[in-house]
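One structure below.
The values are calculated or read from the model by the stated rules, or taken from the named source; none is laboratory data. Keep in mind that this is a model prediction, so the values were computed, not measured. Positions of Cβ are backbone-derived with ideal geometry, glycine not excepted, and every protein chain shown enters the neighbour counts. What goes into the accessible areas is simple: the full protein's heavy atoms, side chains included, and nothing from ligands, DNA or RNA. Shrake-Rupley method; radii C 1.70, N 1.55, O 1.52, S 1.80 Å.
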Amino acid sequence: MSTSLQRGIASFVGQIDGPIASFFTSCVHCGLCADSCLFYTETQDPKYTPIHKLEPLRRVWQQEYTFWGKLMKKAGLSKPVTDEELAEWEPLVYDSCTLCGRCSLACPVGNDIVYMVRKMREGMVASGHAPEGLKGATQRAIELGSPMGVNINTLRAQIKHAEKETGLTVPMDVEGADYMMVLSSAEVAEYNDIIGAVTRIFHQAGVSWTIASDGFEGTNSGIQIGSSDLAAELVGRIVRAAERLKVKYVISPECGHAYTALRWEGPNLIGRPYPFKVIHIIELLDQLRSEGRLKTDSVDETRMTFHDPCQMVRRGGMVEQPRNLLHMVAPNFVEMSDPGLQNWCCGGGGGVSANERANPLRTRAFNRKKAQLDEIDATTIVSACSNCRTMLLDGLEHNHMPHEVVGLTELIAEHLADDKEGKAP
Amino acid sequence: MDAQELLIWVRGAGLQIAAAVFVLGMSYRMLHLLLIGRKKSLAEARGSEWAGGLRTMWQRSFVLPKLSPRGRFTVVAGYLFHLGFFVTLFFLSQHIALFRAVFGFGWPALPRGVIDIAAVLSLGAMVALLAHRLVDPVKRLLSDYQDYLTWALSFLPLLTGFMLLREIAFEYVTLLTLHIASVELLLIAAPFTKLAHMFSTFISRWYNGAVMGFKGIRT
Amino acid sequence: MKEQETLEQRLGEQGVSRRAFLKFCAALATMMALPPSSASAIAAALAKAKRPSVIWLSFQECTGCTESLTRSHSPTLESLIFDMISLDYHHTLQAASGHAAEQARDEAMKAFYGKYLLLVDGSIPLKDGGVYSTIAGRTNLDMLEEAAKGAAAIVAVGSCAAFGGLPNAQPNPTGAVAVSDIVKDRPIVNISGCPPIPAVITGVLAHYLTFGELPALDELGRPKAFYGETIHDRCYRRPFYDQGKFAKTFDDEGARNGWCLYELGCKGPTTHNACATTKWNGGTSFPIESGHGCIGCSEPKFWDAGSFYTPLSAPAADVATVAQVSMVAGAGAAVAMGALDRVKKQKLQQSREKLTVEDLKGD
């Protein structure tokens, strides 16, 4: 069975639940969500109004779940959703939405718009209307184990490198460890300092941890393309590894959608609760800090700011944790406007970064971040999501901006106390 | 049918029909929303769904995120309209007499001067909102016939009510009939249009807040 | 019958001075909202007016209208004005009874065919052949139709004759109707009220005598001069309404302060009559001055407009029960529809095929 309009519509019908029905019932077409969406604010194109991106789903709701809609459908008076329409909506659902969830906080009637976009994507992908780039990334994730094509050999090489740098052992496949560290593709491929950083931090804090050779990739393209089936397969690999190693905790990496997939969607995707807990690396570091197990002995005088990753902060609730950690090492920390829950997305979340077609739009959307950065004269942007990091670097380069971008975990590791011998040269 | 008979009809059978459609439609629709239900999350909660849900039900009435001028206009005019509508609906002495007759209890009324100001502000805000809907590209894109229909259905009770208190243009009996009839149209249309948000917004807010509350996000 | 005498002569016989007569005419002009200059015209016309024959038919009624009329007591000129007419048949007031009375009516109808005024009080029952009210073995309908043929004009006195009134109220067991429901080819003036204001009855008669025609009427056939405004429009408590000050019970502070009686069910805003200006009992007062709201007796269907004590803004029927039943019905429908939706979703779930990576590759 291949993708089809029929399959897509059936998926829409199946996805519509109480919340979605309430949201469509409640919408008064006030247009306030437009102001909260950086794709609208940076383009002023009304088609990027968040609720408008859901129009086909709304019609299916109306025709399948409302009294008059059903009546009209029976009488043949309603306009069925067509394949052409879904094709027209594909860029709206995928290219112009990073699932950042800012609209869900702005809606005065309380509609969780991003909840609906996430569910609408289930039908979009089932109807064959998903962007090629995202399809490719998902396919690679399923078939090769990672959307970026990294594999266990790449990881082993990076671990070897980290062990050499730190002089410590990176525990692999240790059964009975407390924590199992999961990484994002980008961390294995590009931001590999993270491996050394967590190794040193956990060494200092005395954390019992491991990396699983068969469950190290946290990125979940299935969530982004909107396929629960594929997302379940991806998250299932981590769950199986964690169960094999009998760990108590799985650590989500600095990667927004990996966290959402692992922490919030995972048990629902595989259809059962986990026998372990999921904790974000930043959550864990802040916990170690509050327990006095994370000590730093130096600071960085650079003017730093923090870019809140949407899935970790707005959709994940970690507002204070990254700031607690930053205050340890960055005395000149400065907030951007709209910090925390109201922060603006980097423009590349929710699968947008994997979708080449969206690049020009994403570049325009970055103007919002640029404006935020222009207001403050920070020289370093700290973040806690490798996708945000890539998007920030990309946008900065495009706009010829000189800022440095660093990961929060690596920044903390650089200033670890009593760890001089392990520090990178 | 003369003016008196028409008035008796709108105060009697007409009101019964309108109340039946409104209550039946609304109770059907709201309960249906709840019965469609949703899957219980199997993930480990970090906070309380109920705390988040209830908080958002209340809090979302006041949250004012940073807005563009067009957004600010919508929020300010929207607030004025709703506030004026509620003040006139719930605090005009004559209306309280109605609630007392139907529900058996009442509450103190606001002075007529306050009601008048609220009604005028509300009417003005509605006109401004309609104009904005006609010119703002976002609202124009989102709007369909229902938006204009429900605007008219909300505007007429306010307008006829205001005219009634001053006996503007028509006789009292005519204005009273028009006023009650316009309210009945509003009641009949409410369950089947976006006016249903008068109740469903709290369900929406609850769901939205519950998702946030579950994750332990302090909004 | 002294129909050949003019009114002036008769007044003179009764010792009414010309000065008093002119005063009466001026009062009439004011009451009917005519320009002051018309007072002399009225006087001139009335002075010369011949007394027309009047036949008064009482059908389904309570005699309240007649009672009211008789309360236009002497020495006020309202009572004198009755000397303007020749009341040839009125079974409450006339001395004759039985066949003699009916004979008087027949004679008057014959003698003044086409010229007499027909006054009617009470409604006319139509159900079951009109058996519910008969006079001398004849139904009201029969008698009215016969009398209407020779009438120059008909005056429907009281709300029963004008609109059907109390007998016409739900469920209207006798099939009672108004005069205007039966007689279509004669000018009819409705002097509604339960009872109507005596001065209004006499005023209309005076107008007819003065100008030889009925006064200007509203859409319900009532003389505009008396029914042009609502009780509310001319109510001395109106300022309290405008300020939103209402008595909530008959013995509260508001009631003692003389505040508006709207919330105690006053129908003044929707009731057209002259009570607030003409007043009752020789100009003593009208009901609102006694602390009771207007019951709207001069309007059609006033018995069916809900309780006299229900505010105009409140429902005139039981809405609470309707709402309760509807809520149960709505909940039932929701449960049924919710179950159907669940079945639909389950079926979809069962027939759903997993999305695989192959699906992404190829269409």
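Every condition in (1) modelled with pLDDT of 95 or more; (2) assigned to a helix (DSSP H, G or I); (3) in the same structural domain as A:Glu404 (by TED's automatic domain parsing) holds for A:Leu341 except the one numbered (1). Figure legend. Inter-residue proximity from the stretch B:1-25: first residues at the interface with another protein chain (Cβ under 7 Å from one of its Cβ atoms) and in contact (Cβ under 8 Å) with a residue 12 or more places away in the chain, second residues open to solvent by less than 10 Å² (accessible area, probe 1.4 Å) and among the hydrophobic types (A, V, I, L, M, F, W, C), beta-carbon distance below 6 Å, spacing 6+ or different chains. Indicated pairs: B:Leu7/B:Val173. For the stretch B:5-33, a tally of residues being closer than 21 Å to C:Glu299 by Cα, out of contact with any helix residue (DSSP H, G or I) (no Cβ under 7 Å at 6 or more places or on another chain) and assigned to a helix (DSSP H, G or I) returns 3. Given the criteria at pLDDT 95 or above, within 21 Å of the chain's Cα centre (by Cα), open to solvent by less than 50 Å² (accessible area, probe 1.4 Å) and not acidic (Asp, Glu), does B:Leu149 qualify? In short, no.
Residue by residue, here is whether (1) in a loop (DSSP other than H, G, I, E, B); (2) open to solvent by less than 10 Å² (accessible area, probe 1.4 Å); (3) without any contact (Cβ under 8 Å) to a residue 60 or more places away in the chain; (4) away from chain B (no Cβ under 14 Å) holds:
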{"position": "A:Cys97", "(1), (2), (3), (4)": "yes, no, no, yes"}
{"position": "A:Asn111", "(1), (2), (3), (4)": "yes, yes, no, no"}
{"position": "A:Tyr115", "(1), (2), (3), (4)": "no, no, no, no"}
{"position": "A:Arg118", "(1), (2), (3), (4)": "no, no, no, no"}
{"position": "A:Met124", "(1), (2), (3), (4)": "no, yes, no, yes"}
{"position": "A:Gln139", "(1), (2), (3), (4)": "no, no, yes, yes"}
{"position": "A:Gly149", "(1), (2), (3), (4)": "yes, no, yes, yes"}
{"position": "A:Leu155", "(1), (2), (3), (4)": "no, yes, no, yes"}
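Of everything in the stretch C:52-92 that is of a type in the set (D, E, K, R) and open to solvent by 30 Å² or more (accessible area, probe 1.4 Å), the residue that is modelled with the highest pLDDT is C:Glu61. Being surrounded by fewer than 24 Cβ atoms within 10 Å (Cβ to Cβ) and part of a strand (DSSP E or B) is the filter here, so list the residues in the stretch C:155-187 that pass it. Across the stretch C:155-187, the qualifying residue is only C:Val177.
Identify all residues within the stretch C:321-334 that are facing chain B (nearest Cβ under 7 Å) and either open to solvent by 20 Å² or more (accessible area, probe 1.4 Å) or touching a residue at least 24 places away in the same chain (Cβ under 8 Å) (or both); write none if there are none.
Of everything in the stretch C:321-334, those that are facing chain B (nearest Cβ under 7 Å) and either open to solvent by 20 Å² or more (accessible area, probe 1.4 Å) or touching a residue at least 24 places away in the same chain (Cβ under 8 Å) (or both) turn out to be C:Val322, C:Ala323, C:Met327, C:Ala329, C:Ala331, C:Ala333.
Of the listed requirements (1) open to solvent by 30 Å² or more (accessible area, probe 1.4 Å); (2) in contact with a Ser or Thr (Cβ under 7 Å, 6 or more places away or on another chain); (3) within 8 Å of another protein chain (Cβ to nearest Cβ), B:Ile203 misses just one: (1). Screening C:Ala255 on (1) in contact (Cβ under 8 Å) with a residue 12 or more places away in the chain; (2) open to solvent by less than 60 Å² (accessible area, probe 1.4 Å); (3) in a loop (DSSP other than H, G, I, E, B) shows it passes everything except condition (3). Just one of (1) over 21 Å from A:Gly256 (Cα atoms); (2) in contact with a Lys or Arg (Cβ under 7 Å, 6 or more places away or on another chain) fails for A:Cys346. It is (1). Kindly provide the set of residues from the stretch A:365-385 that are over 25 Å from A:Ala258 (Cα atoms), in contact (Cβ under 8 Å) with a residue 40 or more places away in the chain and touching a Leu at 6+ places or on another chain (Cβ under 9 Å), ordered by number. Within the stretch A:365-385, A:Asn367, A:Leu373 qualify.
Among helices (runs of 4 or more DSSP H) entirely within the stretch A:177-294, having at least 2 residues that are over 25 Å from C:Glu353 (Cβ atoms) singles out A:185-189, A:193-205, A:228-245, A:256-259, A:281-290.
For the stretch C:306-315, taking the residues that are more than 8 Å from every other protein chain (Cβ to nearest Cβ) and not hydrophobic (A, V, I, L, M, F, W, C), the one that is least open to solvent (accessible area, probe 1.4 Å) is identified as C:Ser307. Just for the stretch A:23-57: of the residues that are closer than 20 Å to C:Asp341 by Cα and under 26 Å from the mean Cα position of the chain (by Cα), which one is nearest to the other protein chains (Cβ to nearest Cβ)? Going through the qualifying residues, I end up with A:Phe23.
In summary, helices (runs of 4 or more DSSP H) completely within the stretch A:1-95 and bearing 1 or more residues that are of a type in the set (Phe, Trp, Tyr) and open to solvent by 30 Å² or more (accessible area, probe 1.4 Å) occur at A:67-74.
Every residue, every condition in (1) of a type in the set (S, T, N, Q); (2) in a helix (DSSP H, G or I); (3) within 24 Å of A:Arg58 (Cα to Cα); (4) in contact (Cβ under 8 Å) with a residue 12 or more places away in the chain, yes or no:
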position: B:Leu123; (1), (2), (3), (4): no, yes, no, yes
position: B:Ala128; (1), (2), (3), (4): no, yes, no, yes
position: B:Arg133; (1), (2), (3), (4): no, yes, yes, yes
position: B:Phe162; (1), (2), (3), (4): no, yes, no, yes
position: B:Leu175; (1), (2), (3), (4): no, yes, no, yes
position: B:Leu195; (1), (2), (3), (4): no, yes, yes, yes
position: B:Ser200; (1), (2), (3), (4): yes, yes, yes, yes
position: B:Asn208; (1), (2), (3), (4): yes, yes, yes, yes
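When the stretch A:200-226 is limited to residues that are of a type in the set (Ser, Thr, Tyr) and modelled with pLDDT under 95, the one that is farthest from A:His257 (Cα to Cα) turns out to be A:Ser213. Annotation: of all residues in the stretch A:295-327 being outside any loop (DSSP other than H, G, I, E, B) and within 14 Å of chain B (Cβ to nearest Cβ), the one that is most open to solvent (accessible area, probe 1.4 Å) is A:Glu320. What pairs come up if the first residue lies in the stretch A:229-241 and is more than 17 Å from A:Pro147 (Cβ to Cβ), the second is assigned to a helix (DSSP H, G or I) and open to solvent by less than 10 Å² (accessible area, probe 1.4 Å), and their beta carbons are under 8 Å apart, counting only those six or more places apart or on different chains? The qualifying pairs are A:Val239/A:Gly266. Against the conditions (1) charged (D, E, K, R); (2) more than 7 Å from chain B (Cβ to nearest Cβ); (3) buried (at least 21 other Cβ atoms within 10 Å of the Cβ), C:Asp318 satisfies every one except (3).
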